[in-house]
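None of the figures in this text is laboratory data; all of them are computed from the coordinates on show. Because the structure is predicted, anything quoted here is derived from the model rather than measured. All Cβ positions, even for glycine, are placed from backbone atoms using ideal geometry, and neighbour counts span all protein chains on display.
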Amino acid sequence: MKKLFLTLFLGISLSFASMVNGIAMKVNGSPITLYDIQNTMEHENISKEDAIEVLINKTLYEQLVKKYGITVNAYEVNDYIKKMVTRNGMSKNQFDEMIKREYPSADAFVNVTKERLIREKLITEIVRGNLAIANDEDMKFYYEKNKQQFVGTTVFKIVEYTSSSQQALMQLIKNPMIVPKGVNVVAKNLKVSTLGVEKFNFLNQIKNKAFTPIIPFNNMFMVAYIDDREKEGILPFSLVKDKVFGNVMREREAKYLKEYFEKQRLNADIQVLR
C-alpha cells in the first residue's frame, strides 16, 4: 500500500513538474516555459497576455546580446560607478547612503549597473552607422520648434575676486567674511548673451552661494562667487547647441530602435506549443 501511494505521489509530482516546466512557446528556438509566464505574471502583477509580451521581448533582447557578443566585466562596472560618483560630486558616505536607500543591496546595484552597460553596448552596436548626424540646419529647426526646452538663467549675479596670490584666494574661500590683502573685488551682472559657451557652462554648473574653482587669469588668479541667478528666459542657440544636438540624436536613436525591435518581432519565428 505504501509502495502504491509512493508511486502515485511520484507520478503526480512528476506530472505537475512537467506541466509547470513545460514549454509554452519557442522564440527563434529559445523556449519560454509555463513557469516563466506564471512567474512573470505574479512578479510584475500583469495579465498572461502582457507576461507573454514581456518574455518574448526579453528573449529577443537576450538573443541580440548573444548575437553581438556583448559582455561586461567587473572592471567596466567599477569604472562606470566611479565616474558616476565623480560626475555627481558624491562622497563615499553619500554614495553608500544612496545604495541603501534605493537598492536592496550593493550586489543588486552592481547587477543593475551591469545590465545598463550591456544595454548601452547593444544600442551602440545596433545604431552604429545607421543614424544621420544632425547638422546645423537640423539643430536650428529643432531649436525653433522646441524653445521651451531651453529655458534658463539669462543673468548671473557674481562677485569676482582676483589676486596674484593663489593662497590669498584659498583663504578667502575658507573665510568669505574676510577679504585678504591684495585681493581685488568686483561685483558683476553677466548677461549670458555676452558669454561664450565655455564660460557659460563653467558658471552654470556652480550652485548659488558657492565659489567657482580658482583659475589662472592674465598672469593672476581668479575665483568667482555666484550670488544669484536672475531673469529666466530662452537661452541663445549658440549656448545650447550641444544640448540641441544631443536631443536630436536621442530622438533619432529612439525612433530607429523602435523600428528595429518591431522588425525583430515581426521577423521572429514564434511557435506556440500550448
Among the residues that make up region 77-98, is at least one of them in contact with an Asp or Glu (Cβ under 8 Å, 6 or more places away or on another chain), surrounded by 14 or more Cβ atoms within 10 Å (Cβ to Cβ), assigned to a loop (DSSP other than H, G, I, E, B) and without any contact (Cβ under 8 Å) to a residue 60 or more places away in the chain?
no
Report, by residue number, each residue of region 38-52 that is assigned to a helix (DSSP H, G or I) and surrounded by 14 or more Cβ atoms within 10 Å (Cβ to Cβ).
Gln38, Asn39, Thr40, Met41, Ala51, Ile52
Counting just the residues of region 125-165 that are among the polar types (S, T, N, Q) and closer than 21 Å to Lys255 by Cβ, which one comes out nearest to the chain's Cα centre (by Cα)?
Gln149
Hey, can you tell me all the residues within region 150-165 that are touching a residue at least 60 places away in the same chain (Cβ under 8 Å) and surrounded by fewer than 14 Cβ atoms within 10 Å (Cβ to Cβ)?
Val151
Hydrophobic (A, V, I, L, M, F, W, C) and over 30 Å from the mean Cα position of the chain (by Cα): is that true of Phe237 in this structure?
no
Do you know which of the residues in region 166-186 that are in contact (Cβ under 8 Å) with a residue 40 or more places away in the chain and over 34 Å from the mean Cα position of the chain (by Cα) is surrounded by the most Cβ atoms within 10 Å (Cβ to Cβ)?
Leu169
